[in-house]
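J.: Below is one structure. I have some questions about it.
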Amino acid sequence: MERRGDYRPIFVCASIPKSLVLTAVQFREVWSHYDANNNGYIDEAEIDRFLVDLFEAQGHSISKSDVGGLKQTLMECYDTNKDGKIEVSEMYRILPVEENFLLKFKIANEPLTFPNFLRIWEYYDSDRSGRLERCELELFINDLIKTNKNIDIKPHEMDLIMDEIYQHFDENNNRMVEQSELTKLLQVPENYLEQIELYKNLNKEEFSQLFEHYDRNGDGHLEGEELLEIVSDMMRKVEIELNMSQLEKLVERMVRVIDVDYDGKISKRELANLFFVTGQISPFEEAGSAKQRAKTPRPKS
């Protein structure tokens, strides 16, 4: 695709340049364009239109008789359940979609931080509707399964999987998955700050435990992903929803306010300014706790 709004798909072939591989957003646009009645599949008339556009996108014209023969070949190759229609999981195999986005995250081995969950959510909620509709959810399920097993899911298998997801995670029964529902499906860990009263005085031991939870590498400072994680948890604690861009901007503003030594990191003493901590954190305590954590392997949470 050359630009958003041009829905003519790029034909799959072995020599297709990587630069022309579709993103999830582009795939959804293609699908929505041809599944105009939003019934979850592309029927014969829609397939004809798809094939004509597909050839025109490459600068070729095609006759009606050629469309018929090509459609037969297409259906033989990709209509795995032989129902005479193309469903999302089948179209996913026809069009070149970019590499599995979930491979960026070790979701099979490590708990998801909330910022990484937000990145996943925003990638698959391609129309920014605040929910994953059928097409978006199928893309997500395809990628999720392929993080463990590189297999193609047949349409009837996808239907069964979708029914299971709706049964167990679609709490409001709208046949869509919303952000809070996907956190449960992906088993995003509970917000660490839920066990802490933010507006109550914390003693030094309680604050040290909090700091060490977010200081993932044990270097005595919070930076990068560590700051994104603690700030996202603080916002969730007070029920303020942010997207990834808003979260990053909030972290930047927070660092400008409390980073008193201007090193771009937040030390234990600097973070204490955001919380009600009983007693002062001395430089010696701060340095000593960092050295101790450097010697002690951090347990997986």
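Since every read-out is calculated from the coordinates, none of them should be taken as a lab result. Here the structure is a predicted model, which means the values were calculated and not measured. Positions of Cβ are generated from backbone atoms using ideal geometry, with glycine treated the same way; all protein chains shown enter the neighbour counts.
J.: Within the set Lys106/Lys200; Lys104/Lys154; Lys64/Lys85; Lys104/Lys204; Lys104/Lys184; Lys184/Lys237, which residue pairs have Cα atoms separated by over 27 Å?
T.: From the list (Lys106/Lys200; Lys104/Lys154; Lys64/Lys85; Lys104/Lys204; Lys104/Lys184; Lys184/Lys237), the Cα-Cα distance tops 27 Å for Lys106/Lys200; Lys104/Lys204.
J.: Here is a follow-up. Mind listing the long-range amide H neighbours of Ile62? Cut-off is under 5 Å, sequence gap 5 or more, other chains count too, H placed in the peptide plane at 1.01 Å from N.
T.: Those lying under 5 Å, H to H, from Ile62: there are none.
J.: Would you kindly state how much longer the chain becomes between Glu252 and His168 on full extension, computed as 0.36 nm times their sequence separation minus their alpha carbon distance, in nm to one decimal?
T.: Computed gain between Glu252 and His168 is 26.4 nm.
J.: Another question, if that's okay. Show me the ranking of peptides 36-46, 178-188 by mean Cβ neighbours inside 10 Å, starting with the highest.
T.: 178-188, 36-46
J.: Cβ neighbours within 10 Å, averaged per peptide: list 244-257, 64-77 in order, most packed at the top.
T.: Averaged packing, sorted descending, gives the order 244-257, 64-77.
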